[in-house]
2 protein chains.
Amino acid sequence: MDVLKDDTYFMRKALEQAELAFEADEVPVGAIIVQNDEIIARAYNQVELLKDATAHAEIIALTTAFAAMGAKYLPDATLYVTLEPCLMCAGALYWSKIGRIVYGASDEKNGYSRYGLEQYPFHPKTILTKGVLADEAAFLMKSFFKSKR
Amino acid sequence: MDVLKDDTYFMRKALEQAELAFEADEVPVGAIIVQNDEIIARAYNQVELLKDATAHAEIIALTTAFAAMGAKYLPDATLYVTLEPCLMCAGALYWSKIGRIVYGASDEKNGYSRYGLEQYPFHPKTILTKGVLADEAAFLMKSFFKSKR
């Protein structure tokens, strides 16, 4: 019997990436990129490992997906990310022309929406879905920062 | 006699990068990162070469500088870029905590300021200077897009 590959299914895969980040002592954010029900990129935040403040899960996933597809745009792909993208990642997703973005928890501190943008930051054709498995993603974040105190 | 290493001097180095982009048939934007009057990173837009819509000059320069310094923040560095950063690059510069940003020409189409941000997108400690050798940078851009028509 085939597993139903819906948004919850794919967000669980992104959460698995976030858990890998947690285990590696990185801020636990995970992302995957899916096209035709196949995962073409998996990534988690690697700011500490790479000593690169821009090495967010979404950026690494995008670069991996561009390489996997040999294409500089991803109009038929969907990004699943456990946390609301920051301004940088929102901008990167704009350039990618990605077909759809699904994110989990909101990020009141660093999410793009805190900047009060007058304009939709993504490509006009990009569809946005919020709040999928948000509690799980937020719980991971809270546990991480609690462990740091 | 030492050459005076002022903003114009360093912006000329960024313009040289933009010219390399032009010759490589890439949108002609160049960037360099300077610390203690030394250039620690040079980059130009490589979207076509890398088939990566996020391979902007600033992003490549930042990644190079993080590697050069073995540090994930660049509070004592200055980025010189020939064109106003886009939203993605503004966000990346925020995360880098770079000390200063100097840009050349404004970018009415894709510059971060077109988004009507309510909040300064860079790190609060980052100093911003605009318009250095703006005409030269704008001329390169106009020549490039004219050649594409």
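What follows is calculated from the coordinates using simple rules that are stated; it is not laboratory data. On a predicted model such as this, the values are computed, not experimentally measured, just so you know. For neighbour counting, all protein chains shown are included, and Cβ atoms are generated from backbone atoms with ideal geometry for every residue, glycine included.
Amide H neighbours of B:D76 under 5 Å, counting only residues 5+ apart in sequence or on other chains, H built in-plane at 1.01 Å?
B:G99
Test of understanding: in a Gaussian network model of chain A with alpha carbons linked when under 10 Å, which of A:G104, A:G116, A:G70 would top the mean-square fluctuation ranking?
Top of the fluctuation ranking is A:G116.
On the principal axes of its Cα set, how long, how wide and how thick is region A:34-80? Give whole Å, largest value first.
33, 18, 13
Express in nm, to one decimal, how much length is gained between A:L50 and A:D37 on full extension, taking 0.36 nm for each residue of separation and deducting their alpha carbon distance.
Between A:L50 and A:D37, full extension yields 1.7 nm more.
Could you tell me which of B:L62, A:A57, B:Y94 has its Cα farthest along the dipole of the protein assembly as shown towards the positive end, charges placed at Cβ (Lys, Arg +1; Asp, Glu -1), taken about the Cα centre?
Among B:L62, A:A57, B:Y94, the one farthest towards the positive end of the dipole of the protein assembly as shown is B:Y94.
What list of ³J(HN,Hα) couplings, whole Hz, do you get for region A:34-40 from phi and the Karplus terms 6.51, -1.76, 1.60, once you set θ to phi - 60° and write x for glycine and proline?
Listing the rounded values in order: 10, 9, 6, 6, 10, 7, 9 Hz.
Test of understanding: what is the full-extension gain from A:T129 to A:S147, defined as 0.36 nm times their sequence separation minus their Cα-Cα distance?
3.5 nm
Which value, in debye to the nearest 20, gives the size of the charge dipole of chain A about its Cα centre, when Lys and Arg are +1 and Asp and Glu are -1 at the Cβ?
Using Cβ point charges on Lys, Arg, Asp and Glu, chain A gives about 340 debye.
Tell me, what ³J(HN,Hα) does each residue in region A:127-132 have, in order and in whole Hz, if you take phi through Karplus 6.51 cos²θ - 1.76 cosθ + 1.60 with θ = phi - 60° and put x for Gly and Pro?
3J(HN,Hα) across region A:127-132, in whole Hz: 8, 10, 10, 10, x, 6.
Please label the shape of region A:1-125 as rounded, prolate or oblate, based on the square roots a ≥ b ≥ c of the eigenvalues of the alpha-carbon gyration tensor (a/c under 1.5 means rounded; beyond that, a/b larger than b/c means prolate, else oblate). Walk me through the numbers on the way to the answer.
Numbers: a/c = 1.35, a/b = 1.07, b/c = 1.27.
Rounded, because the longest to shortest axis ratio a/c is under 1.5.
Provide the gained length on full extension for the span B:E118 to B:E16, in nm with one decimal, where the gain is 0.36 nm per separating residue minus the Cα-Cα distance.
Stretched fully, the B:E118-B:E16 segment lengthens by 33.3 nm.
Which residues' amide hydrogens lie under 5 Å from the amide hydrogen of A:L128, considering only partners 5 or more residues apart or on another chain, with H built in the peptide plane?
A:I101
Among A:A21, A:A71, A:A31, which one shows the highest mean-square fluctuation when chain A is modelled as a Gaussian network with alpha-carbon springs under 10 Å?
Result for chain A, Cα springs under 10 Å: A:A71 fluctuates most.
Would you compute, from DSSP H runs of 4+ residues alone, the mean residue ellipticity of chain A at 222 nm, taking -39500 (n - 2.57) per run and dividing by the full residue count, rounded to the nearest 500?
-12000 deg cm²/dmol
Name the residue from A:I32, A:G116, A:V47 whose Cα lies farthest towards the positive end of the charge dipole of region A:1-116, charges +1 on Cβ of Lys and Arg and -1 on Cβ of Asp and Glu.
So the residue furthest toward the plus end is A:G116.
Most mobile of A:E58, A:E136, A:E19 per a Gaussian network model of chain A (Cα springs, under 10 Å)?
A:E136
Can you tell me the relative contact order of region A:55-149? Whole percent, Cα pairs under 8 Å, sequence separation 6 or more.
Values: 136 pairs, mean separation 26.2, N = 95.
Relative contact order here is 28 percent.
How would region A:1-70 be classified by its alpha-carbon gyration tensor: rounded, prolate or oblate, with rounded meaning a/c under 1.5 and the a/b versus b/c comparison settling the rest?
Taking the square roots of the gyration eigenvalues as a ≥ b ≥ c, region A:1-70 is oblate.
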